[in-house]
Amino acid sequence: MSAQQILKVFVTRRIPQEGMKILQKAGLCNLSVWDSDEPVPRAELLKGVAGAHGILCLLSDKIDTEVLDAAGPNLKVISTLSVGFDHLAIDEIKKRGIRVGYTPDVLTDATAELTVALLLATARRLPEGVEEVKNGGWSTWKPLWLCGYGLSGSTVGVIGLGRIGLAIARRLKPFGVKRLLYTGRQSKPQAQEVDGEYVPLDTLVSESDFVVVSCSLTPDTQGLCDKTFFSKMKKTSIFINTSRGAVVNQEDLFEALSSGQIAAAGLDVTTPEPLPTAHPLLTLKNCVVLPHIGSATYSTRGVMSELTANNLLAGLTGSEMPSELKM
Amino acid sequence: MWCSRTALGRLQKIAPCTVTGFHRAMSILPKVYVTRKVPPDGLDILRKSGQVQFEMWDSDDPVPRVELLKKVKGCDGILCVLTEKIDAQLLDAAGPNLKVLSTMSVGFDHLSLDELKKRGIRVGYTPEVLTDAVAELTVALLLATSRRLIEATHEAKTGGWGTWRTLWLCGHELANSTVGILGLGRIGVAIAERLKPFKVKKFIYTDVEPRPELANMIEAEYVSLDELAKESDFLAICCALTPETHGICNWNLFSKMKKNAIFINTSRGGVVNQEDLYEALSTGLIAGAGLDVTTPEPLPTHHPLFTLKNCVILPHIASASYTTRNSMSALAANNLLAGLRGEPMPKELKL
């Protein structure tokens, strides 16, 4: 009689209970968990993955050749608690025939919601307002004090009209947006739903009052938002990035903001993360920086956790994953 | 400040013998006092009209009461903002010439309507032109509160931001939620329209009576105040401040709300009992609150509400967009001029 092989799984962080319960109930795997809210140190990671059949990781874990080698030939599946996968060495993973699970769709609503929240907070100067109230800067109602830029009658440009980009566009529409522009490798039929106009990048950048970056990080999009990009934007425009930090050249953004080349920026992602507290961008009144909380709602993180666990189990048993990354 | 009197003065210097005709015409131009430096669009309209001679408190800060009482003497019209109390004292100081009071606001709780009506003074205000900006700011405040943006920006600035963590700074999302509106008017409807694509499951509202026409626009269900409190995941206060609504958001309301509920007020500070709100927030009775209006304004910096991480306070900026403030200014000016000509106003307040 052959004993059923116990599959070894390394989980790189304490994940929401919904996902843990699914893994524990399955009874398939010998779970080794870095049971902390803080990231697993590199040395521990390399040790922990040795002989693993599956790895459940977060976007803060670089799964590169070193990790894959440390894991060894048992490794069948990597399941990440994120929709982004720029932390995974996809070529290497594909070469070794390892499957990858990720979490698209379930976080679209929370991320689109946060992007709109950030856009509004930036355009209507909420953090400045809160500061003034706390430090005594609020005297009485004044006609032009803390005036911002409204969405009513504006042109919004979305760079990357994918799941999240489209969800953002849907949420902005009822604010009275006059034109919705988008750009990307090709036009999208679903853009019709939001009356989206497919335009070249330059057109989007020069005609938009609000520029929203929602594309994935690829060699093509790395450093896309640089000096040339910002120089084409309107002086009154607002720049929002909730995709990945590396899409933006931060020195160029600082220049554009401090010189008044653009009106303001809101970022949920930076390079690096966390952004050091001494970073110049944090000194600007017209720059709102959030610590990568795009998908941070209780329900969404719970659902992501479940999906990640189910992706992992499917990978271990050689079955169809709910959300497999096509590589 | 360039105004008609200055123009007259210059003319008198150029051609003293021919201005007697002008002088007579000038002296019968209605006299107007503008209580604050309002945005340019309104001032341009007043100047270019040639229908009024006006003086203005040329400052971003409010006119002192003593100065105001002096300056309104003998005026035919007053253009004010919401910081001026237009009461019996002021109306007496102005005297019997006063025909029109134009406020650059949609709220009119600073006006003694009885006194104005008694004296046959017409009132202009600025509804509708500010609806978009106010609805937008209300949604901005709601999201900033529910998604904990102020806590988050603070953590990013002060070193609280470590690496990505699974449950850090999690908030409550609008998807599948019930949104309640207290006071369904133009602004309430505009707020609901903006919240809809966030996948809100249900809109409910309460008011002095059902508002079927407005409610149908957003498919909102009429409920009692109690039901509104019990069922709302997000509660937005959008009513006018009246004797009936004064302090309506008190312990009785908060104690019936859900533990995860977010409370948003962009109407008037007087609608909320702030001590009760503080209790509700600090004891976890509700999850968070966002306020654009307080009592008083400004709220003193040592107020207990400032000690709460789950309370976001803004300095009454709901209509603060450049285009909107200019539109309000223009409308207030046009209301004033129409009133002085004895014509229908673009937006007259029915007394």
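For the stretch A:252-262, check the following and say yes or no: at least one residue is under 19 Å from A:Ala123 (Cα atoms), within 14 Å of chain B (Cβ to nearest Cβ) and either in contact (Cβ under 8 Å) with a residue 40 or more places away in the chain or in contact with a Pro (Cβ under 6 Å, 6 or more places away or on another chain) (or both).
No.
In the stretch A:12-52, what residues are touching a residue at least 40 places away in the same chain (Cβ under 8 Å) and part of a loop (DSSP other than H, G, I, E, B)?
A:Thr12, A:Arg13, A:Ile15, A:Pro16, A:Leu28, A:Gly51, A:Ala52
Quickly run through the stretch A:16-39 and pick out the residues that are aliphatic (A, V, I, L, M) and at pLDDT 95 or above.
Of all residues in the stretch A:16-39, those aliphatic (A, V, I, L, M) come to A:20, A:22-23, A:26, A:28, A:31, A:33.
Hits for the stretch A:16-39 are A:Met20, A:Ile22, A:Leu23, A:Leu31, A:Val33.
I need every pair where a residue in the stretch B:227-244 that is under 13 Å from B:Tyr205 (Cα atoms) has its Cβ under 7 Å from the Cβ of a residue that is charged (D, E, K, R), sequence separation at least 6 or different chains.
B:Ala229/B:Lys256; B:Lys230/B:Lys256; B:Asp233/B:Lys258
Can you go through B:Ala240, B:Ala280 and tell me which one is over 23 Å from A:Trp145 (Cβ atoms), surrounded by fewer than 20 Cβ atoms within 10 Å (Cβ to Cβ) and among the small types (Gly, Ala, Ser)?
Details: B:Ala280 fails: surrounded by fewer than 20 Cβ atoms within 10 Å (Cβ to Cβ).
Result: B:Ala240 is the single residue among B:Ala240, B:Ala280 that is over 23 Å from A:Trp145 (Cβ atoms), surrounded by fewer than 20 Cβ atoms within 10 Å (Cβ to Cβ) and among the small types (Gly, Ala, Ser).
Looking at the stretch A:82-201, what helices (runs of 4 or more DSSP H) fall wholly within it and have at least 2 residues that are in contact with a strand residue (DSSP E or B) (Cβ under 8 Å, 6 or more places away or on another chain), of a type in the set (A, V, I, L, M) and within 14 Å of chain B (Cβ to nearest Cβ)?
Values: elements: A:90-95, A:108-123, A:126-134, A:163-172.
Passing ranges, in order: A:108-123, A:126-134, A:163-172.
Are there any pairs, at least 6 apart or on different chains, whose C-beta atoms fall under 6 Å, with the first in the stretch A:279-302 and within 13 Å of B:Arg148 (Cβ to Cβ) and among the polar types (S, T, N, Q) and the second in a helix (DSSP H, G or I) and modelled with pLDDT of 95 or more, and if so, which?
Correct list of pairs: A:Thr297/A:Ala110.
Can you tell me which of (1) surrounded by fewer than 23 Cβ atoms within 10 Å (Cβ to Cβ); (2) assigned to a helix (DSSP H, G or I) is the one A:Ser216 doesn't meet?
Only one criterion is unmet by A:Ser216, namely (2).
Rundown of residues vs (1) within 12 Å of another protein chain (Cβ to nearest Cβ); (2) surrounded by 18 or more Cβ atoms within 10 Å (Cβ to Cβ); (3) outside any loop (DSSP other than H, G, I, E, B), yes/no style:
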{"site": "B:Ser105", "(1), (2), (3)": "yes, yes, no"}
{"site": "B:Phe108", "(1), (2), (3)": "no, yes, no"}
{"site": "B:Leu116", "(1), (2), (3)": "no, yes, yes"}
{"site": "B:Glu136", "(1), (2), (3)": "yes, yes, yes"}
{"site": "B:Leu141", "(1), (2), (3)": "yes, yes, yes"}
{"site": "B:Ala156", "(1), (2), (3)": "yes, yes, yes"}
{"site": "B:Trp161", "(1), (2), (3)": "yes, yes, no"}
{"site": "B:Val179", "(1), (2), (3)": "no, yes, yes"}
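Out of A:Leu281, A:Leu275, which single residue is in a loop (DSSP other than H, G, I, E, B), open to solvent by less than 30 Å² (accessible area, probe 1.4 Å) and not charged (D, E, K, R)?
On the way: A:Leu281 fails: in a loop (DSSP other than H, G, I, E, B).
Of the residues listed, the single one that is in a loop (DSSP other than H, G, I, E, B), open to solvent by less than 30 Å² (accessible area, probe 1.4 Å) and not charged (D, E, K, R) is A:Leu275.
For the stretch B:54-85: of the residues being within 20 Å of the chain's Cα centre (by Cα) and hydrophobic (A, V, I, L, M, F, W, C), which is farthest from the other protein chains (Cβ to nearest Cβ)?
First, the residues of the stretch B:54-85 that are within 20 Å of the chain's Cα centre (by Cα): B:59-63, B:78-85.
Within this subset, residues satisfying the condition of being hydrophobic (A, V, I, L, M, F, W, C) are B:63, B:78-82.
Numbers: B:Val63: 11, B:Ile78: 16, B:Leu79: 12, B:Cys80: 11, B:Val81: 7, B:Leu82: 6 Å.
The qualifying residue farthest from the other protein chains (Cβ to nearest Cβ) is B:Ile78.
Could you look through the stretch A:59-99, keep only residues that are small (Gly, Ala, Ser) and open to solvent by 40 Å² or more (accessible area, probe 1.4 Å), and pick out the one that is nearest to A:His292 (Cα to Cα)? Lay out the reasoning, then the answer.
Start the filter on the stretch A:59-99 by keeping residues that are small (Gly, Ala, Ser), which leaves A:60, A:70-72, A:79, A:82, A:84, A:89, A:97.
Next, only the ones that are open to solvent by 40 Å² or more (accessible area, probe 1.4 Å) stay: A:60, A:97.
Numbers: A:Ser60: 11, A:Gly97: 31 Å.
Across the stretch A:59-99, the extreme among qualifying residues is A:Ser60.
When you scan the stretch B:284-291, do you find a residue that is facing chain A (nearest Cβ under 10 Å), more than 21 Å from B:Gln51 (Cβ to Cβ), modelled with pLDDT of 95 or more and outside any helix (DSSP H, G or I), even just one? Outline the logic, then answer.
Let us first name the residues in the stretch B:284-291 that are facing chain A (nearest Cβ under 10 Å), namely B:290-291.
So of that shortlist, the ones also more than 21 Å from B:Gln51 (Cβ to Cβ) come out as B:290-291.
Subsequent filtering for residues that are modelled with pLDDT of 95 or more retains B:290-291.
Retained after the next criterion (residues that are outside any helix (DSSP H, G or I)): B:290-291.
Yes - at least one qualifying residue is present in the stretch B:284-291.
Give all pairs with beta carbons closer than 7 Å in which a residue from the stretch B:260-273 that is of a type in the set (Phe, Trp, Tyr) meets a residue that is modelled with pLDDT of 95 or more; count only pairs at least 6 apart in sequence or on separate chains.
What qualifies is B:Phe263/B:Leu235; B:Phe263/B:Ile286; B:Phe263/B:Ala289.
The values are calculated or read from the model by the stated rules, or taken from the named source; none is laboratory data. Because the structure is predicted, anything quoted here is derived from the model rather than measured. As a convention, Cβ positions derive from the backbone with ideal geometry for all residues, glycine included, and neighbour counts pool all protein chains shown. These accessible areas exclude ligands, DNA and RNA; they are computed on the full protein's heavy atoms, side chains included. Shrake-Rupley method; radii C 1.70, N 1.55, O 1.52, S 1.80 Å.
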